[in-house]
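Quick notes on the structure that follows.
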Amino acid sequence: MSDAQRPDTLRPETLIATAGVATDPAYNSVSPPLHLSANYGWNDPLDKPQYDYARSGNPTRTQLEEALAALEGAARGVVVSSGMAALDLVLNLVDPGEIVLAPHDCYGGTHRLLTARAKRGQFELVYANQTDPAELEAAFARKPKLVLLETPSNPLLRITDIRAVVAHAKGCGAIVVADNTFLSPVLQRPLDLGCDIVVHSTTKFINGHSDVVGGAVLARDKALGDDLAWWANCTGVTGAPFDSFLTLRGMRTLFPRVERQQATAGDVVSRLAADDRVANVYYPGLVNHPGHEIAKSQQNGFGSMFSVEFAENVDVIELLRNLNLFTIAESLGGFESLVCTPATMTHAAMTPEAREVAGISDRLVRFSIGLEHTDDLVRDIETALDRAVDSGAGKVAYLSSGATSKCA
């Protein structure tokens, strides 16, 4: 292999376009084959092969793990069955009595998992506003074992200074875990900024086609990655071969998808920000966003997620009902544009009090921009807004009373 072909010399776009291509030793197929076998034969009872049982290892899953590790700059990756499984996997690194420091405004499913695990005594839990230096310093004074970052945050797109958190963590030997789902390695590489572990819901941008549920954990240090892989095998949370096959296929278009979606999101945001029916737009690409400069320093772009808090005269329920191009659904990062009300959907598992502390109001609407044309998306929002304003603002109480979501 020439120097020009070595993985460490290739651009990330090339890495993902060529991952596993034409490596089939049996038939030299260009597309990597799908290995569905649950178990593998041994040539000798004392000679364990590379793969023996699919929970422990699978060639298709290995290809996805290696591709993700290459994109994030990790020493080892572990592919698991969902984004929540990825988060739960890293919690195996914490013992009872040790502290997990988490963002106060994290994704609702993360909040639910951490709170439930802490109630059972698996660890002590501290929530903090990680964008507030004083609050962050007070939280680190308690010497956490594991620090979870979510930047940009879901759904308010708050930006945490990753380098500052890493500096604090080094002082107490804490493991720093970054949820990079919102940006993907196209727009942010937390391991390069000093984090120890990156987690993804690969359901989102990584796969990009809304047809696979999966997750991944990427470790900067191989020994830490091996520990996580041991726990994944022990608990049985590893991802299925067919899901890995589809996810790797979806990743082939990750860079052009993310770049196109980001460009469209920026255009939609700029037009919404000028509308007097909009009270606040939460998007780090806006120069007046509090985290704009930090985002510029640690990200390669601002992404395609944003949230909007609408004015008092807008009925957000009617707004969503009158959108045609945006599908009302949880999840994000797919080819299709989605919209949701976090209070009743993605963050319904949080108590009203916890949502209030996090700043998640009943008027907040989260948008995930897909691959549709900008003009069509803007026209759809404006038409729905016209009808929602005519309906008035009489259904805000309905939002809080209808929180039945499983928080996907």
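Residue pairs whose Cβ atoms lie under 9 Å apart, sitting 6 or more positions apart in sequence or on different chains, and linking a residue in the range 161-183 that is polar (S, T, N, Q) to a partner that is surrounded by fewer than 24 Cβ atoms within 10 Å (Cβ to Cβ) and assigned to a helix (DSSP H, G or I), are Asn180/Leu187.
For every residue, the table says whether it meets (1) closer than 26 Å to Leu248 by Cβ; (2) of a type in the set (Asp, Glu); (3) touching a helix residue (DSSP H, G or I) at 6+ places or on another chain (Cβ under 6 Å).
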{"position": "Pro32", "(1), (2), (3)": "yes, no, yes"}
{"position": "Leu36", "(1), (2), (3)": "yes, no, yes"}
{"position": "Tyr40", "(1), (2), (3)": "yes, no, no"}
{"position": "Leu46", "(1), (2), (3)": "no, no, no"}
{"position": "Glu65", "(1), (2), (3)": "yes, yes, no"}
{"position": "Leu71", "(1), (2), (3)": "yes, no, yes"}
{"position": "Val90", "(1), (2), (3)": "yes, no, no"}
{"position": "Cys106", "(1), (2), (3)": "no, no, no"}
{"position": "Ala118", "(1), (2), (3)": "no, no, no"}
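Within the range 122-135, residues that are in a helix (DSSP H, G or I) have Cβ atoms under 9 Å from residues that are of a type in the set (A, V, I, L, M, F, W, C) in these pairs: Pro133/Ala164; Glu135/Ala128, counting only partners at least 6 apart in sequence or on another chain. Taking each residue of the range 193-205 that is in the same structural domain as Glu65 (by TED's automatic domain parsing) and looking for partners that are among the acidic types (Asp, Glu) and part of a loop (DSSP other than H, G, I, E, B) with beta-carbon atoms closer than 7 Å, six or more apart or interchain, yields Asp196/Asp221.
Residue-wise test of (1) surrounded by fewer than 19 Cβ atoms within 10 Å (Cβ to Cβ); (2) under 16 Å from Thr374 (Cβ atoms); (3) of a type in the set (Val, Ile, Thr).
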residue	(1), (2), (3)
Val237	no, no, yes
Phe242	yes, no, no
Ser304	no, yes, no
Asn324	yes, yes, no
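Filtering Glu372, Glu356 for residues that are of a type outside the set (A, V, I, L, M, F, W, C), surrounded by fewer than 21 Cβ atoms within 10 Å (Cβ to Cβ) and either in contact with a Phe, Trp or Tyr (Cβ under 8 Å, 6 or more places away or on another chain) or over 20 Å from Leu272 (Cβ atoms) (or both) leaves a single hit, Glu356.
For the range 142-149, the count of residues that are touching a residue at least 40 places away in the same chain (Cβ under 8 Å) and in a helix (DSSP H, G or I) is zero. State yes or no: is Asn280 touching a helix residue (DSSP H, G or I) at 6+ places or on another chain (Cβ under 9 Å) and surrounded by fewer than 20 Cβ atoms within 10 Å (Cβ to Cβ)? So Asn280 fails the test.
Okay, residues lined up against (1) at pLDDT 95 or above; (2) at positive phi; (3) in the same structural domain as Ala141 (by TED's automatic domain parsing):
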position	(1), (2), (3)
Gly173	yes, yes, yes
Gly215	yes, no, yes
Pro241	yes, no, yes
Asp267	yes, no, no
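Restricting attention to the range 249-302, the residues that are under 20 Å from the mean Cα position of the chain (by Cα) and of a type in the set (Gly, Ala, Ser) total 9. Looking at the range 195-310, the strands (runs of 3 or more DSSP E) lying wholly inside it that each contain 3 or more residues that are under 20 Å from Thr110 (Cα atoms) sit at 197-201, 215-219, 305-310.
The residue pairs whose first member lies in the range 231-250 and is without any contact (Cβ under 8 Å) to a residue 40 or more places away in the chain, whose second member is crowded, with 18+ Cβ neighbours inside 10 Å and part of a loop (DSSP other than H, G, I, E, B), and whose beta carbons are closer than 6 Å, counting only pairs six or more residues apart or on different chains, are Leu246/Val212. Sort out which residues of the range 155-172 are part of a loop (DSSP other than H, G, I, E, B) and in contact with a Lys or Arg (Cβ under 8 Å, 6 or more places away or on another chain), and write them in order of number. Within the range 155-172, Pro155 is the sole residue that qualifies. Residue-level analysis places Glu65 among those that are touching a Gly at 6+ places or on another chain (Cβ under 6 Å), crowded, with 18+ Cβ neighbours inside 10 Å and under 22 Å from Asp196 (Cβ atoms). Scanning the range 290-318 for residues that are in contact with a Leu (Cβ under 7 Å, 6 or more places away or on another chain) and of a type in the set (Asp, Glu) returns a single hit, Glu309. With the condition kept exactly as written, say whether any residue in the range 41-53 is modelled with pLDDT of 95 or more and within 24 Å of Val212 (Cβ to Cβ). Yes, there is a match, as at least one residue in the range 41-53 is modelled with pLDDT of 95 or more and within 24 Å of Val212 (Cβ to Cβ). Touching a strand residue (DSSP E or B) at 6+ places or on another chain (Cβ under 8 Å), surrounded by fewer than 19 Cβ atoms within 10 Å (Cβ to Cβ) and either more than 30 Å from Leu338 (Cα to Cα) or modelled with pLDDT of 95 or more (or both): does that describe Arg142? Against the criterion (touching a strand residue (DSSP E or B) at 6+ places or on another chain (Cβ under 8 Å), surrounded by fewer than 19 Cβ atoms within 10 Å (Cβ to Cβ) and either more than 30 Å from Leu338 (Cα to Cα) or modelled with pLDDT of 95 or more (or both)), Arg142 qualifies.
The values are calculated or read from the model by the stated rules, or taken from the named source; none is laboratory data. Keep in mind the model is a prediction, meaning the values are calculated, not measured. Neighbour counts run over all protein chains shown; Cβ positions are idealised from the backbone, glycine included.
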